[in-house]
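Enquirer: Here it is: the structure, laid out below.
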Amino acid sequence: MIHKFDKEEFHTVCDRLFRIDSDLHSIFLKYGYPPFWTRKPNFETLIHIILEQQVSLASAKAALDKLKERIGSVTAKKIVLLSDSELRDCYFSRQKTVYARELAEAILSKRIVLSRLTYLPDEEIRTRLTAIKGIGNWTVDVFLLMSLHRTDVFPIGDLALIQSLKKVKRLPAQTSQEKLLKLGKKWEPYRSIATMLLWHSYLEERKKK
């Protein structure tokens, strides 16, 4: 079964979460509803998420902007034509150069057809995408949540989410991943929306600093 959320019902789902979790409600009282973050379910978005792995959002955006400045629209065909040094000039690390090429080859060989992923369940998408070198669970989680708007994604590998969750729930820094996953069960089947609320809190807190 595929469950998605859209912009029209976004605030309604947030309100539902506020009724079951006062800590999430406190985020709303402080900062309002989160933005309805969305990205197109395309090749450029997956490249963007790969660039976001283990760096700041600003660094990843700078790399993506530099790439677009060089090649215009970001497609698999254009990526494979770039040399390593051209990708390095666009702030791609050696590792991310390999990942971008692997993804481009998977698209060009039709091992992955992105338009078809929309019709597949979450775990099937995860299986297909994680078969590509450089795409792990976190990358798939962000794609499922922001591009395909699946309702019940909980990216436990996301540092901003974990930091925000610990702060909002007043948990010790060493709280185990297992305990955090258990806490997240309370929000099923809307963990994606809870994640967006926690990201919202994290980003607003950073603005204050």
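Enquirer: Are there trypsin sites (Lys or Arg not before Pro) in the range 94-127 that DSSP marks as loop and that have at most 13 other Cβ atoms within 10 Å, and which are they? Display every interim value, and only then the final one.
Expert: Details: sites: ARG94, LYS96, ARG101, LYS110, ARG111, ARG116, ARG126; in loops: LYS110, ARG111.
Qualifying residues, ordered by number: LYS110, ARG111.
Enquirer: Quick one: check the C-alpha center-to-center distance for the range 84-106 versus the range 31-56, whole angstrom.
Expert: With the range 84-106 and the range 31-56 each reduced to a Cα centre, they are spaced 18 Å.
Enquirer: Okay, next question. Okay, helix-only estimate at 222 nm for the chain: each DSSP H run of n ≥ 4 adds -39500 (n - 2.57), divide by all residues, round to 500 deg cm²/dmol; what do you get?
Expert: Details: 13 runs with 131 residues, N = 209.
Computed ellipticity for the chain at 222 nm equals -18500 deg cm²/dmol.
Enquirer: Give me the accessible area per residue for the chain, probe 1.4 Å, as a whole number in Å².
Expert: Details: 11320 Å² over 209 residues.
I get 54 Å² per residue for this part.
Enquirer: What spacing in nm lies between the two simple spin-label points modelled at ARG170 and ARG88, each 7 Å away from Cα in the Cβ direction?
Expert: 5.2
Enquirer: Extension gain GLU204-GLU105, at 0.36 nm per residue separation less the Cα-Cα distance, in nm?
Expert: Numbers: separation 99, 0.36 × 99 = 35.64 nm, distance 3.83 nm.
Extending this stretch completely gives an extra 31.8 nm.
Enquirer: Taking θ as phi - 60°, what are the ³J(HN,Hα) couplings along the range 133-143 by the Karplus curve (6.51, -1.76, 1.60), each to the nearest whole Hz, with x for Gly and Pro?
Expert: The phi angles translate into 4, x, 10, x, 4, 4, 4, 5, 4, 5, 5 Hz.
Enquirer: Taking Cα pairs under 8 Å and at least six residues apart, what relative contact order does the range 50-99 come out at, in percent? Write down the numbers at each step before the final one.
Expert: On the way: 27 pairs, mean separation 19.2, N = 50.
Taking the mean separation of contacting Cα pairs over the length of the range 50-99, I get 38 percent.
Enquirer: On to the next question. In percent, how large is the relative contact order of the chain, given Cα pairs closer than 8 Å and 6 or more residues apart? Display every interim value, and only then the final one.
Expert: Working: 220 pairs, mean separation 58.9, N = 209.
Relative contact order comes out at 28 percent.
Enquirer: Roughly speaking, what is the stretch gain from SER56 to VAL98, that is 0.36 nm per residue apart minus the C-alpha to C-alpha distance, in nm to one decimal?
Expert: On the way: separation 42, 0.36 × 42 = 15.12 nm, distance 1.99 nm.
Length gained, SER56 through VAL98: 13.1 nm.
Enquirer: Under the Karplus relation 6.51 cos²θ - 1.76 cosθ + 1.60, θ = phi - 60°, what is the ordered set of whole-Hz ³J(HN,Hα) values for the range 87-95, x standing for Gly and Pro?
Expert: Calculated HN-Hα couplings, in order: 5, 4, 4, 9, 6, 7, 6, 4, 5 Hz.
Enquirer: Shifting gears a bit: At q = 0.10, 0.13, 0.14, 0.17 Å⁻¹, what is the log10 ratio I(q)/I(0) for the chain, with the Debye formula run over Cα points and no solvent?
Expert: Here log10 of I(q) over I(0) equals -0.46, -0.77, -0.88, -1.20.
Enquirer: With the Cα gyration tensor of the range 83-193 giving a ≥ b ≥ c as the square roots of its eigenvalues, does the rule (a/c under 1.5 for rounded; else a/b larger than b/c for prolate; else oblate) give rounded, prolate or oblate?
Expert: Working: a/c = 2.97, a/b = 1.54, b/c = 1.93.
Judged from the Cα gyration tensor, the range 83-193 comes out oblate (a/c at least 1.5, b/c at or above a/b).
Enquirer: Just how much of TYR99 is accessible, in Å², when a 1.4 Å probe is used and the result is rounded to the nearest 10?
Expert: For TYR99, the solvent-accessible surface is approximately 40 Å².
Enquirer: Using all Cα-Cα distances in the range 43-134, what percent lands in each 10 angstrom bin from 0 up to the longest?
Expert: For the range 43-134, the binned pair fractions read 16, 51, 28, 4 percent.
Enquirer: Please give the charge dipole size of the chain, origin at the Cα centre, charges +1 on K and R Cβ atoms and -1 on D and E Cβ atoms. Round to the nearest 20 debye. Kindly include the intermediate steps, with their values, before the conclusion.
Expert: Details: 37 positive and 25 negative charges, 68 e Å.
Once rounded to the nearest 20, the dipole reads 320 debye.
Enquirer: On to the next question. For the range 43-134, give the magnitude of the charge dipole about the Cα centre (Cβ charges: +1 Lys/Arg, -1 Asp/Glu; no others), in debye to the nearest 20.
Expert: Details: 16 positive and 12 negative charges, 42 e Å.
In total the dipole reaches around 200 debye.
Enquirer: Same structure again: Net charge near SER176, counting Lys/Arg +1 and Asp/Glu -1 over other residues with Cβ under 12 Å of its Cβ? It would help to have the intermediate numbers written out before the result.
Expert: Numbers: positive: LYS166, LYS179, LYS182; negative: GLU178.
After counting each charged neighbour, the total is +2.
Enquirer: Given a 1.4 Å probe and the protein chains all in place, what does the accessible area of ARG88 round to, in Å² to the nearest 10?
Expert: The accessible area comes out at roughly 150 Å².
The values are calculated or read from the model by the stated rules, or taken from the named source; none is laboratory data. Note that the structure is a prediction, hence the values are computed from the model and not measured. Positions of Cβ are generated from backbone atoms using ideal geometry, with glycine treated the same way; all protein chains shown enter the neighbour counts. In case anyone asks, the SASA skips ligands and DNA or RNA and just uses the protein heavy atoms, side chains included. Shrake-Rupley method; radii C 1.70, N 1.55, O 1.52, S 1.80 Å.
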